[in-house]
1. For the stretch A:2-42, take every pair of Cα atoms, bin their distances at 10 Å starting from 0, and report each bin as a whole percent.
2. Can you work out the FRET efficiency for the pair residue B:200 and residue A:61, with r the C-beta to C-beta distance and R0 = 30 Å, to the nearest 0.05?
3. Got a sec to turn the phi values of the stretch A:196-203 into Karplus ³J(HN,Hα) couplings, 6.51 cos²θ - 1.76 cosθ + 1.60 with θ = phi - 60°, whole Hz, x for Gly and Pro?
4. So how far apart, in nm, are the two label points at residue A:221 and residue A:5 if each is 7 Å from Cα heading toward Cβ?
5. Could you sort B:205-214, B:13-22 so that the peptide with the highest average Cβ count within 10 Å comes first and the rest follow in order?
6. May I ask you to report, in nm to one decimal and beginning with the shortest, the distances from residue B:118 to the same position in the other copies, taking label points 7 Å along Cα-to-Cβ?
7. Mind checking B:108-121 for the average number of partner chain beta-carbons within 10 Å of each residue's beta-carbon?
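Every number here is computed from the coordinates shown, using simple stated rules; none is lab data. This is a predicted model, so every value here is computed, not measured. Methodologically, a virtual Cβ is constructed for each residue, glycine included, from the backbone with ideal geometry; neighbour enumeration extends over all protein chains shown.
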Number of protein chains: 2
Amino acid sequence: MMQKKPKAVVLLSGGLDSATVLAMAMGEGYECCCLSFAYGQRQQVELERAKANVARQGIEKHLILRLDLDAIGGSALTTDAAVPKGRSQTEMNASIPITYVPGRNTIFLSYAMAWAEVLGAGDVFIGVNVMDYSGYPDCRPEFLEAFERVANLATRAGVEGETRLRVHAPLLKMTKKEIIEKGFELGVDYGLTHSCYDPDGQGRACGSCDSCLLRLKGFAEAGRVDPVEYQ
Amino acid sequence: MMQKKPKAVVLLSGGLDSATVLAMAMGEGYECCCLSFAYGQRQQVELERAKANVARQGIEKHLILRLDLDAIGGSALTTDAAVPKGRSQTEMNASIPITYVPGRNTIFLSYAMAWAEVLGAGDVFIGVNVMDYSGYPDCRPEFLEAFERVANLATRAGVEGETRLRVHAPLLKMTKKEIIEKGFELGVDYGLTHSCYDPDGQGRACGSCDSCLLRLKGFAEAGRVDPVEYQ
């Protein structure tokens, strides 16, 4: 008799990192339930890629929640502010860029925690990364540890001693090159991902925002061709 | 010259507790920015009362965010499950009731934290209460402390050493009686609040769910008449 797979909630943005995380979690034997968000972001194409990837991976549960992050504002990703282009890695890491969305990962993890509790899942996967993190404060390991503590106090786990929640960030200390290599090893179709902060009407990447530059550098270092279209 | 008031984000549900917290925060000299949520809850009347209270208090900023908590499920407040009636305090505290909404306070605080960062506010007020908390894990002081730590790691405060965020829960150790007495002292109009988990079509309270029972007991102990209508 086959043993039932443990459930995990995987935060899936439609980007390169979370597509890799999904393949890693599946490879570890989890039944993955994917959680995506529509939050007024410019890159709607991300969600389309997330859906295509979920279909290709044969995932049964994919929940897309609508969030009002645009009502809160404070980020170039949810407003009309210009996305910075052509910056060096040093410039990216010098300060928190305007593409930072205040509270985003905390809000995403809060929903993942809530859904995990309802599903009876003890594991949440998130594709954050500290190497190429572009200076976002909510991508750091100490943030993730603090959130895991919150999750285990906020839910039934904290009171009734049920399944404790673990927050997994398997990409945390990987370079973009290593992430891409791992993804190819696990058969990820990176044509079904999107990274650009400022795509054109056809969903083609700009090639010069922080996210495109990190992605292109990663593919180059891994000696692979990026299958997505550029403008 | 008048000194500029410091800003605070106040989570305002439309209930008795958060209406009291708002009056307390105003009394402490904060410019209060109120944050409410429409989350598929049965008690839509709560939001109407929140709006009426905000208008009466002369608050300039009131943000109402639509949340997809009903898509996550797991609670009688967001599904069609029956709300328990006529329970004793002992029964209420014996286990986590089905009116518990998984992740709710964590999600609410995450949005409050995000909005505070955008507004430049260093203070968030939440009306949670450990005395009459009906067994919700995310109303406990250790949860709030853990969340405050998350907030200071997740935001600009954590990286650039800007304003640290403080989470205030001034009702934490007050009884319902004490909360109501404090509210009368500060001129709260409790007619503009709503507590019932299961109101009728006219928004009248049922008088027998956990929340009504706690409210009625509080008014009785404070020797006051509850101005809201009961069925």
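1. Taking all Cα pairs of the stretch A:2-42, the binned fractions are 29, 47, 19, 5, 1 percent.
2. It comes out at approximately 0.25.
3. Coupling constants for the stretch A:196-203: 5, 7, 9, x, 7, x, 8, x Hz.
4. 3.1
5. Those peptides, ordered most packed to least, come out B:13-22, B:205-214.
6. Shortest to longest, the spacings are 2.4 nm.
7. Whole-number average of other-chain Cβ neighbours for B:108-121 is 5.
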